1. So how many residues does the range 208-228 have that are more than 14 Å from Gln193 (Cα to Cα) and not basic (Lys, Arg)?
2. How many of the residues making up the range 83-104 are over 16 Å from Gly144 (Cα atoms) and of a type in the set (Val, Ile, Thr)?
3. When you go through Asp56, Asp100, Asp76, Asp88 one by one, which is the residue that is farther than 20 Å from Leu157 by Cα and touching a Pro at 6+ places or on another chain (Cβ under 6 Å)?
4. Is there any pair with a first residue in the range 97-111 that is of a type in the set (Ser, Thr, Tyr) and a second that is in a helix (DSSP H, G or I) and open to solvent by 50 Å² or more (accessible area, probe 1.4 Å) whose Cβ atoms are under 6 Å apart and which are 6 or more apart or on different chains, and what are they?
5. Looking at this structure, is Glu130 over 16 Å from Ala65 (Cβ atoms), in contact with a Cys (Cβ under 6 Å, 6 or more places away or on another chain) and among the charged types (D, E, K, R)?
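The values are calculated or read from the model by the stated rules, or taken from the named source; none is laboratory data. Source: prediction; values computed, not measured. Neighbour counts are summed over all protein chains in view; Cβ atoms, including those assigned to glycine, are modelled from backbone coordinates with ideal geometry. Just so you know, the surface numbers come from the protein's heavy atoms only, side chains and all, with ligands and any DNA or RNA stripped out. Shrake-Rupley method; radii C 1.70, N 1.55, O 1.52, S 1.80 Å.
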Amino acid sequence: MPASDTVITDELAVEIARLGMVRESSDVATLHRLTQLAARAVTGCAGAAAMRWTLDEPPEPLASASSHPDLAELVDLQIEQGEGPIFDAVRDRRAVRCDDTLAETRWPGHVAAMLRRGVRCFTTTVHEYEQVLVTLTVYGVVPGALDPRQQALASLLLAQGGAAVSNTREFDDVHRTAVQLRQAVEARAVVDQAKGILMHALGCDADRAFAELRRISQTRHVKLTAIAQRIVSGQVPDAALRHRDGYV
């Protein structure tokens, strides 16, 4: 079997599967795992860079990660200038490859920067999944080192990385909603306790107690839940509760 053929070992299969799992809380961390795995798994790849983009027109970079500082500099150069092979790949939604940077005539400024850092070939792959647009660029230090038959593996890694970014966003949304719901329940509980204290102090029903809480909140320009918390925590003496001007 030629060395350029893709061989997915059991160990690699497990790593690819894990790539799609939610393990980090940021796009950068997920993209960093993607670049590290690509650098190890794709034959001829000496390093990799991954980016997440907006779906606006034109797309704008949101986050990036690289397996090596020199590659991070190449990505930053393209971001600063708003052009380059990665931007072309995103704009056209198709892979962009270069088998020998020494013979490349496109993007002269960027190619010169690549040559200074020892990059002799590269391939950028684009993947869009559930409102997430990501790119993966793999770099080689030998002309033609990135055989086209390795494109399938790079695309698989990128698809898993894109799924991980999407899953992280969904996980964050669910977690944020859960936190908001918990806070709402806790706030409601505090307000109910404060109403009970006011009902006892004023000898009134629940509606009047809540009306008093709302009145105090509006006149003092303090959130209703904050007023309720003060009453529940005992910061407002019982005697003060019986006098409208005694609330704080």
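1. Counting residues in the range 208-228 that are more than 14 Å from Gln193 (Cα to Cα) and not basic (Lys, Arg) gives 7.
2. Number of matching residues: 2.
3. Working: Asp56 fails: touching a Pro at 6+ places or on another chain (Cβ under 6 Å); Asp76 fails: touching a Pro at 6+ places or on another chain (Cβ under 6 Å); Asp88 fails: touching a Pro at 6+ places or on another chain (Cβ under 6 Å).
Criteria check complete, one pass: Asp100.
4. Thr101/Leu115
5. On the way: over 16 Å from Ala65 (Cβ atoms): yes; in contact with a Cys (Cβ under 6 Å, 6 or more places away or on another chain): no; among the charged types (D, E, K, R): yes.
No; evaluated as a whole, the condition is false for this residue.
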